[in-house]
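Here is the structure we will look at.
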Amino acid sequence: MSKFTIRKPTATVSTASLPDIVFMLLFFFMVVTVFRDQQLLLRVDLPRASQVQKLRHRSLISEIYIGQPREAALGASPAIQINDAFIRLDQVQVAVRQLVTHTPEDQRGRRSTSLKVDQKVEMGIVGDVKTELRKAEQYQLHYVALPAY
Amino acid sequence: MMRNKHRLPPAVSAGSMADIAFLLLIFFMVVTAIVNDRGILVRLPPLSDAPVPPVAQRNLINIKINGDGALLFEQQPLAVDQLRERIKTYLLNPEQRADLPSSPTRAVVSLQNDRATPYAAYLGVYDQIQAAYRELWEVAAQQRFQKSYEQLAVAERRSIKRALPQVISEAEPTDYR
């Protein structure tokens, strides 16, 4: 027996490709991520429906929320939210027209509006918003709903 | 100078690269909100003062929803879950009754709600109307192309929709308060 034993290299799993795998996942999530650009000021509990279709082209969709304000101090009557702010009914047309200006002119015809309305809201305000949308010449509309059970 | 001969070739330690990438990965995974909004597609009519072309009474399918969300189908109360079948028989009119639409191409579903109608009730009815049409399209697709409506090409869908056009007319809401 010699005094100096040669140490056998221990069996290891090569982790050299681990960063590559992790990077792959990272890129996937980076591409998929859509940062939430707005804070929901209303309580919106969406209804369910069976004939729902997937919404495409998120950049061509303007969202309008209708529901009861989250903050109790703002009252219980339903309010309208566009982008980050409460909007009065008579401001809806202007606000929607402003959203349209963000899209290039050749794609404006493909724009649509998605209405996210709380299921307990009465139809009066929804009908009023629909009339405002027609005034703003935005005819394509989605009633956003959860798929039925 | 002699010592240098035994040195390993220079290398950047990449062992912590994975950690950094993991950190970023976890951040993005937490932040990601995978959006899959789904909705019922509606096309609003343009605002105009032009008089509405008259529709024969037999071709109109009147549906009214009151402030409590209850349904009136052709002046008769009806449960929402029966609406789909009822619309389908009215549209196709298999017995050729004189008071039902003369042809599906002429039929117009007229929907009226009250200002106090809950949104869920309204959407439920709208959903049932669309579902009725969708089922008729599905049957037509199977008969004419032996395929599911989902698998049809755009032109084929269009030809089916031309035979069974979905015309939903929404009247101004009533206001009983």
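The values are calculated or read from the model by the stated rules, or taken from the named source; none is laboratory data. Since this is a predicted model, take the numbers as computed values, not measurements. Note: ideal-geometry Cβ built from the backbone for every residue, glycine included; neighbour counts use all protein chains shown. Only protein heavy atoms, including side chains, enter the accessible area calculation; ligands, DNA and RNA are left aside. Shrake-Rupley method; radii C 1.70, N 1.55, O 1.52, S 1.80 Å.
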Here's a check for you: in segment A:84-96, which residue that is open to solvent by 70 Å² or more (accessible area, probe 1.4 Å) and under 18 Å from the mean Cα position of the chain (by Cα) is farthest from the other protein chains (Cβ to nearest Cβ)? A:Phe86
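I need the strands (runs of 3 or more DSSP E) fully contained in segment B:1-118, keeping only those with at least 2 residues that are open to solvent by less than 80 Å² (accessible area, probe 1.4 Å). Even if it seems obvious, please write down each step before you answer.
Numbers: elements: B:38-43, B:60-65, B:71-73, B:76-78, B:108-113.
Here the list reads B:38-43, B:60-65, B:71-73, B:108-113.
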Unmet requirement for B:Gln128, which otherwise passes all of (1) surrounded by fewer than 18 Cβ atoms within 10 Å (Cβ to Cβ); (2) under 15 Å from the mean Cα position of the chain (by Cα); (3) within 14 Å of chain A (Cβ to nearest Cβ): (1)
So B:Leu136 passes all but one of these: (1) open to solvent by 30 Å² or more (accessible area, probe 1.4 Å); (2) touching a residue at least 40 places away in the same chain (Cβ under 8 Å). Which condition number does it fail? (1)
Residue by residue through segment A:97-138, note down the ones that are surrounded by fewer than 17 Cβ atoms within 10 Å (Cβ to Cβ), at the interface with chain B (Cβ under 9 Å from one of its Cβ atoms), outside any helix (DSSP H, G or I) and not acidic (Asp, Glu). A:Lys120
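Let's see how each residue does on (1) surrounded by 11 or more Cβ atoms within 10 Å (Cβ to Cβ); (2) more than 9 Å from every other protein chain (Cβ to nearest Cβ); (3) of a type in the set (Ser, Thr, Tyr); (4) more than 19 Å from B:Arg38 (Cα to Cα):
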| residue | (1), (2), (3), (4) |
| --- | --- |
| A:Pro19 | yes, no, no, yes |
| A:Met24 | yes, yes, no, yes |
| A:Phe27 | yes, yes, no, yes |
| A:Leu42 | yes, yes, no, yes |
| A:Pro47 | yes, no, no, no |
| A:Ser50 | yes, no, yes, no |
| A:Ile61 | yes, no, no, no |
| A:Ile64 | yes, yes, no, no |
